[in-house]
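Working notes, structure below.
Throughout, read-outs are computed from the coordinates displayed, never taken from laboratory work. From a predicted model like this one, the values you see are computed outputs, not experimental measurements. Here the Cβ positions follow ideal geometry from the backbone for every residue, glycine too, while neighbour counts run over all protein chains shown.
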Amino acid sequence: MPAYATNMRLKFPILALILEIITIILFAVFVDYDDGKGHGHDSHSNSSETHHEEKPMDLYPMFQDVHVMIFIGFGFLMTFLKRYGFSSVGINLLLAAFGLQWGLLMQGVWHLVDGKIKINIFKIINADFSTATVLISFGAVLGKTSPVQLLIMTILEITIFSINEHLVATVLEANDVGASMIIHAYGAYFGLAVARVLYRPGLRNGHENEGSVYHSDLFAMIGTVFLWMFWPSFNSAIADPGLTQLTAVINTYLSLAACVLSAYAISSLVEHKGKLDMVHIQNATLAGGVAVGTCADMNIGPFGAMLIGLVAGIISTLGFKFLSPILASSVGIQDTCGVHNLHGMPGILGGLAGIVAVSLGKKEGGDPVMQAAALASSLGFALVGGAVTGFIMKLPFWGQPPDQNCYDDSLYWEVPEEEDENEESLAHADHSKNKAEV
Amino acid sequence: MPAYATNMRLKFPILALILEIITIILFAVFVDYDDGKGHGHDSHSNSSETHHEEKPMDLYPMFQDVHVMIFIGFGFLMTFLKRYGFSSVGINLLLAAFGLQWGLLMQGVWHLVDGKIKINIFKIINADFSTATVLISFGAVLGKTSPVQLLIMTILEITIFSINEHLVATVLEANDVGASMIIHAYGAYFGLAVARVLYRPGLRNGHENEGSVYHSDLFAMIGTVFLWMFWPSFNSAIADPGLTQLTAVINTYLSLAACVLSAYAISSLVEHKGKLDMVHIQNATLAGGVAVGTCADMNIGPFGAMLIGLVAGIISTLGFKFLSPILASSVGIQDTCGVHNLHGMPGILGGLAGIVAVSLGKKEGGDPVMQAAALASSLGFALVGGAVTGFIMKLPFWGQPPDQNCYDDSLYWEVPEEEDENEESLAHADHSKNKAEV
Amino acid sequence: MPAYATNMRLKFPILALILEIITIILFAVFVDYDDGKGHGHDSHSNSSETHHEEKPMDLYPMFQDVHVMIFIGFGFLMTFLKRYGFSSVGINLLLAAFGLQWGLLMQGVWHLVDGKIKINIFKIINADFSTATVLISFGAVLGKTSPVQLLIMTILEITIFSINEHLVATVLEANDVGASMIIHAYGAYFGLAVARVLYRPGLRNGHENEGSVYHSDLFAMIGTVFLWMFWPSFNSAIADPGLTQLTAVINTYLSLAACVLSAYAISSLVEHKGKLDMVHIQNATLAGGVAVGTCADMNIGPFGAMLIGLVAGIISTLGFKFLSPILASSVGIQDTCGVHNLHGMPGILGGLAGIVAVSLGKKEGGDPVMQAAALASSLGFALVGGAVTGFIMKLPFWGQPPDQNCYDDSLYWEVPEEEDENEESLAHADHSKNKAEV
């Protein structure tokens, strides 16, 4: 396996330490606490509506909900693979911890105050948001990339995200309070473009580790349920305080509830003997949160939010069942977690719903042309940015794992004596006492 | 197995989709956002004390705590069974997601404003609460009912709950801030009545899947601990703001702490060699939260709350050890999760404590006769409603599982090749080397 | 095994019930709700700055974050051992539930109002904090002590903690808002002193159960990530409201993020083939939260916080790799969870950083001499108090487990037929068909 140079001993620690030290230096020069003077917040949804927090800690509980989604939600959602749980939750932590620092810098440069980025709760919520794009893309390439490749992806994806976000929010002045377009669609298509460039013909017929075991599916449900519960905070955290924020909470709460029913129904409808499929339940139940994002703070009516959720649950489940296999076999996109079904299509649905809702006058001051431009911009930056990033990640010295070691923690982690191996050694104990210890 | 018609392919998806579409239509006609005009909240505990939120999002952090209890708490608490984790956390999500929509409608019809149900944070907390009754009853019939049966139970149980809640809070004007009576006792006895009607003689001697494995018990502890931690929010969420709410938090915090000590002590006292039993720890440690519910916002003194918790932990643990086997063998009630011990008896204890506390003048304006009437009403609606619901659920076309497939996810879920099965195939490797690699 | 008297049947239940009943009596005499009159809060960080909550429930969301850290965070962090998960999360719950009651009393006696301890949210946050010291020490002796021994440790450690806290906060008026010194360093060295006294030569060469399995490491990551996410609440909960509290949040958020990068880098650098070690990831990623504690509310600059986190991640990981084996072999300290690396050294680092920061004028009114005295006092009380407590715990009638039963739940818990055992029986099925079905 030396041809692949998967040994991380020097390249990973050196990269990680250098990145962190550079980041600290940049923070020393550019970053300070927000002392509340010289304000003028700008949400990524609509910079024309100035956001005023009344007290510095008002948004803190919402920040913590988003924080849980990023670190527990995304981290555990990806633990469904039988032998890739350490990487899922562990690399998720690594990428998000670096990404939030990088996001603070990249988002902050557009809004300097006296040459400084002034940090407050609103800013760290947005920093957490910026990491979500990376974690979504991580899902598309899960099990097939090294930590070094993923750190590089983090830098590039967040940098490009910050440009697109600035364009959408400040230049186009489009609405995207729950970030259907600028986080979910962007993160998904960015990741899919990377996955396309990193296509592995050798995995065309699957891989023995690309599946779950009983308990890994339960660990994944921890991620699913935390994402599901706190999604109202994700979609409302940066909404205008008061009734607008309440609207965002209620729309998201109801869209997700409706989405659960349709995801369960379609899963049962398309599966063998009407059984439910854990992949659908773990993912498609969340599509309602993605799809209602752009419209979350609009006056679409509770039933409007539920309709969006209902449709999102249907297309997401159908995507897992019918579209993902086609993408893998015909388009060369091996999307490990099915981010196209959870974030891609529902993200576009959210963008389209936003265009319709703004056309119908559901958001004061909204402009459907700018909404469409925001969707196009997000998709464009994602596909081009993802493709370029993919080619950089494909360079042969980043320690990409060989096909046979994909979806396997033991390449990058010290893995303990495990139940399965244990079993094997026990089962074989009668025959070869000597090799019992694995 | 065709006689049981457990194949869900058509009946489950059709029922789920029709229910959701009807619900969306009802929302389109009757439901709107609460714009803060024409208020006049009504808590289910005491409608005479009008509840005033100062800002629309004030209760949001408490809502999220309750949300976690409903979806993570109840969901994972029931994952203790070795082969029923998917259903526990998955069907929990399904029932709660539908139930909260139904609860919004059923609770809302009593308090229309201009012919509309106006949603706010207070309303969605109550919607979450209404689902708790179903999730408690779910525990009594866990492993022995189909998703179709459970959706039917959800509709009926929440509808009847809303009638009883209205009676208790608005007509009787009884106190039940933490819902010992109207949620816990009601949910438990409703579920026990259903379980009695669905009695399975074939499971009289147990079932090989009706037990835990090491890791399933740890998953269940996730549910236990989240319920335990956030219970102060459950009991105080709809209390009057300020010192009354603080009292509800402190009483619940202390009752639960005292309850842990007594549950551990009694578990060790009654078990073989003084060992602790996970069933007791997972459940009886929570009885203090149930039992202090009715009195939570009363001036019972910190030590009063602790005494209630101490007693609750004792009777709950003793119930698991001595009463549950008798209920199963002599009364024909097979209570899978022991909801009688966690919600039933502690709920009644809570109702009785409320009568005593009100008699002693611990709640301004309280009337012990009305408290007693509220307890009787809750038990009456539960037993009659549960029995009727049980007979409807017993109709032979809802896909009820046959005895031998009880407590087994694989009837309703695609279940991955699992460690256990793996082991078996490995253990059989001696006979058929070819199929050893799964 | 009768010589060890590990049977808990009488001594554990009697001790637990007597302790709880005494506690309830003390609460009846001394404790009441805080009605908001006659205030005058005192934080353990700086009693000279009076802490004013504007409304009784303002701190409640932060309290719940801390609560999650205590019960989920500490509890699951220790589930990494393959056969000790029940004890980790279960005994954690027991000790914390008793400890918070005891802490309310011990901390409260220093601040009586009209002869009463008046409970509010601020007080229950501090009560939760007091239990953290015990849970840290629990990590040092995990797997080698009985529940009876641990209850005794809880009483003594919290009592001594309350004396040191009073000395540090009120007499010395030192700053320690995030409690690097009075909780982390104190808890760690107290536990290490106990571990030294309870040294077991028989475990010099390790124990077969002193390791993890794949899924136990994932359970532990639940604890790690919840601790990591909510640490900003831990370090800021009792800070002065407003910008000071915001500073504490931001410093902790950034210190932890930087710490992740250095912990991962050093783990890969020192491990075989550059692989990551779960022990480091589960623990050293949190050292940044510990080390920034004392300075969290000081004006050290965001980059200052990141530097502290960077250094903490490095020394913590190096400690696990190089120092822990030496402590075990040469000093006779068998530190099961490596609390010296997560809480001990980073706690001292935090104390030293506080001295430097105060010297540089980063905290108004701070005095570096008093900071140094606070660190010395915390270490002194820890070492002396821990040694005395260790000798009391060593008395032969507390049911301490024999060497061969260490790290094994089955000594104190009814443990279900588990996967591993299952496997074994299946593997043996060829030989004895009759006992195959378990």
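Against chain C, whose longest principal axis is taken from its Cα atoms, helix C:11-30 shows a tilt of about 20°.
Placing unit charges on the Cβ atoms of the charged side chains and taking the dipole of chain C about its Cα centre, the candidate lying farthest along the positive direction among C:239, C:17, C:281 is C:281. Inter-copy label distances at residue A:18, shortest first and taken from points set 7 Å along Cα to Cβ: 6.5, 6.5 nm. Sorting B:58, B:297, B:403, C:240 by the number of Cβ atoms found within 10 Å of their own Cβ, with the fewest placed first, yields B:403, B:58, C:240, B:297. Per-residue 3J(HN,Hα) values for region C:310-324, derived from phi via the Karplus relation 6.51 cos²θ - 1.76 cosθ + 1.60 with θ = phi - 60°, read 4, 5, 4, x, 5, 5, 5, 5, 4, x, 4, 6, 10, 7, 4 Hz in sequence order (x marks Gly and Pro).
Each copy carries a label point for residue C:384 at 7 Å from Cα toward Cβ; from one copy, the others' points are 7.1, 7.1 nm away, ordered from shortest. What's the angle, to the nearest 10 degrees (0 to 90), between helix C:243-270's Cα axis and the longest principal axis of chain C? Roughly 40 degrees between the two axes. Residue C:373 sits among other residues whose Cβ lies under 15 Å from its own Cβ, and their net charge, with Lys and Arg +1 and Asp and Glu -1, is -4.
Subtracting the Cα-Cα distance of residue B:205 and residue B:35 from 0.36 nm times their residue separation leaves 55.5 nm of extension gain. Think of each Lys and Arg Cβ as +1 and each Asp and Glu Cβ as -1; about the Cα centre, that makes the dipole of region A:196-290 roughly 240 debye. Count Lys and Arg as plus one, Asp and Glu as minus one, and take only other residues whose Cβ is under 9 Å from that of residue B:274; the net charge is then +3. FRET efficiency for the pair residue B:113 and residue A:58, taken as 1/(1 + (r/R0)^6) with r the Cβ-Cβ distance and R0 = 30 Å, rounds to 0.60.
Take each residue of peptide B:302-314, count the partner chain Cβ atoms within 10 Å of its Cβ, and average: the result is 4. Modelled spin labels at residue A:10 and residue A:163, positioned 7 Å past Cα toward Cβ, are 3.3 nm from each other. Label-point distances for residue C:359 to the equivalent site in the other copies, using a point 7 angstrom along Cα→C-beta, read 6.8, 6.8 nm when ranked shortest first.
Each of the peptides A:307-316, A:108-117, B:182-191 was scored by the mean count of other Cβ atoms within 10 Å over its residues; in descending order, highest first, they stand as B:182-191, A:307-316, A:108-117. A simple rule links phi to the HN-Hα coupling: the Karplus curve 6.51 cos²θ - 1.76 cosθ + 1.60 with θ = phi - 60°, which for region A:121-137 gives 5, 4, 5, 6, 5, 5, 5, 4, 4, 4, 6, 4, 4, 5, 5, 5, 4 Hz, with x for Gly and Pro. Evaluating 6.51 cos²θ - 1.76 cosθ + 1.60 at θ = phi - 60° for every residue in region A:152-167, the Karplus couplings come out as 5, 4, 4, 4, 5, 5, 6, 4, 5, 3, 5, 5, 4, 4, 4, 4 Hz, glycine and proline recorded as x. When both bridge partners sit in the protein assembly as shown, DSSP labels roughly 20% of those beta bridges antiparallel. Summing Lys and Arg as +1 and Asp and Glu as -1 over all other residues whose Cβ lies under 14 Å from the Cβ of residue C:394 gives a net charge of +3. Note on the protein assembly as shown: with charges restricted to the Cβ of Lys and Arg (+1) and Asp and Glu (-1), its dipole about the Cα centre is near 740 debye. Near residue A:113, the amide H atoms lying under 5 Å from its own belong to A:118; only residues 5 or more places off or on other chains count, and H is placed 1.01 Å from N. Here residue A:362 is the anchor, and the lysines within straight C-alpha reach of less than 29 Å, apart from those fewer than 8 places off in the same chain, are A:123, B:37, B:55, B:116, B:118, B:123.
Springs between Cα atoms under 10 Å define the GNM used for chain A, and in it the highest mean-square fluctuation of A:415, A:388, A:68 occurs at A:415.
Report the one residue of C:209, B:348, C:148 whose Cα lies farthest in the direction of the positive end of the charge dipole of the protein assembly as shown (charges on C-beta: Lys and Arg +1, Asp and Glu -1; origin at the Cα centre). With unit charges placed on the Cβ atoms, the residue in question is C:209. Peptides B:228-235, C:373-380 ranked from most to least packed, by the mean per-residue count of other Cβ atoms within 10 Å: B:228-235, C:373-380.
For the peptides A:167-179, A:16-28, the ranking by mean Cβ contacts within 10 Å, running from highest to lowest, is A:167-179, A:16-28. Per residue of peptide B:58-65, the mean number of Cβ atoms on other chains within 10 Å of the residue Cβ is 6. Take each residue of peptide C:227-239, count the partner chain Cβ atoms within 10 Å of its Cβ, and average: the result is 2. Backbone amide hydrogens, once placed in the peptide plane, bring residue B:413 within less than 5 Å of A:276, excluding anything fewer than 5 places away on its chain.
Once backbone amide H atoms are built at 1.01 Å from N, residue C:33 has C:119 as its partners under 5 Å, excluding neighbours fewer than 5 places away on the same chain. Partners of residue B:394 within straight-line reach, counting lysines whose Cα lies under 23 Å from its Cα and excluding those fewer than 8 residues away in the same chain: A:273, A:275, B:11, B:144.
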